[in-house]
Amino acid sequence: MTLSLDLSASYAKIDRAEEHLKTLQTEIPLAIGQRHPHSLVGEIDKDSGWYSVRLRRNKPEEPRLASIVGDYIHNLRSALNYIVTGLVDATPGLTLGMSHQFPIYDDPTTYADQVWRMGDSIGRGQLKGIIHGLTIIEPLQPYHTQPDPEADPLAQLNRLSNSDKHRQILGYWPDPQPGEISIEHDGIIAEQIQNTHKQQWVNDEVEIGRLRFDFPLPTNVKAKADMAVAPLFSVEPFGKYTQGMALDLPTLEAICTQVRLTTDLFKTI
């Protein structure tokens with residue numbers, strides 16, 4: 001006998017999340033095109049002849065894009081929680097409580113102590129009183145993702161959801177990718193340009209190239225850069241998380257895929 005759980009609410013939330021993702025894919029290029037997140041600056045050191053090319057952050061503020069990601073994450077987290085609602089409904093005599101939700105843990109001991117351990121016939125904590133689906137939920141826990149449970153899609157979902165829902169809107173940062181640099185000038189190059197894109201940002205600037213001119217120095221120098229931008233959405237360090245976390249669109253999409261696959265598992269019980 002199968003439970004035939006009604007998962008329609010979960011799938012509706014996943015579908016809505018995918019609509020948010022399509023909106024992001026459309027609006028991000030528009031936002032970047034309307035106000036590019038970086039400026040290109042350059043100057044010659046008159047003593048040495050070195051010409052430094054730098055990217056300067058324009059400090060983009062895109063609360064709309066970040067809020068769309070927040071809605072995206074909220075829908076996916078809700079989709080998982082609705083699975084637990086279905087499991088509660090399928091348990092005779094059990095009523096849905098405030099604590100019931102889909103558990104996401106990165107520590108096996110904590111999960112065993114607070115939620116469910118192998119061999120138990122009933123759940124605790126977030127699965128309190130539930131008797132179905134326990135052996136499906138446990139293998140999905142991020143602590144099975146080694147060596148880095150925090151890289152698990154469900155762990156990423158949980159952290160993003162907690163931050164956006166309880167603390168602050170997600171951060172947005174368009175990360176410049178390595179690209180081609182060209183320099184128009186009327187001087188003589190002594191040393192060729194060096195790509196230093198991987199240097200650290202200092203005071204909202206990073207050097208992406210450098211070359212040295214012979215004397216007499218040129219009177220007209222203009223740098224151009226052809227660079228793509230990878231939009232990142234981030235959360236700050238908090239509590240047990242000592243490092244921030246930033247995710248790109250493909251990683252966000254992978255979270256949605258994992259939530260859909262997780263929901264599919266419960267069609268079989």
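The values are calculated or read from the model by the stated rules, or taken from the named source; none is laboratory data. Not measured: the values here are computed from a predicted model. All Cβ positions, glycine included, derive from the backbone under ideal geometry; neighbour counts span all protein chains shown. Surface accessibility is based on the protein's heavy atoms, side chains included, excluding ligands, DNA and RNA. Shrake-Rupley method; radii C 1.70, N 1.55, O 1.52, S 1.80 Å.
Here are some notes:
- Of the trypsin sites (Lys or Arg not before Pro) found in the range 135-201, those that fall in a DSSP loop while having at most 13 other beta-carbon atoms within 10 Å are Arg167, Lys198.
- Cα gyration tensor shape for the chain, rounded if a/c is under 1.5, else prolate or oblate: prolate
- Prolate/oblate/rounded label for the range 1-143 (Cα gyration tensor, a/c 1.5): prolate
- Tilt relative to the chain, helix 63-89 - C-alpha long axis, 0 to 90 degrees, to 10: 20 degrees
- Apportionment of accessible area to carbon and sulfur, the chain, percent (1.4 Å): 50 percent
- Adding -39500 (n - 2.57) for every DSSP H run of four residues or longer, then dividing by how many residues the chain holds, sets the calculated 222 nm ellipticity at -12000 deg cm²/dmol.
- For the chain, the solvent-accessible area with a 1.4 angstrom probe is 54 square angstrom per residue.
- Surface accessible to a 1.4 Å probe, Glu43 within the full protein complex, Å²: 110 Å²
- Rounded to the nearest 10 degrees, the angle from helix 153-166 to the longest Cα principal axis of the chain is 80 degrees.
- Near Pro231: Cβ cut-off under 9 Å, other residues only, Lys/Arg at +1 and Asp/Glu at -1. The net charge is -3.
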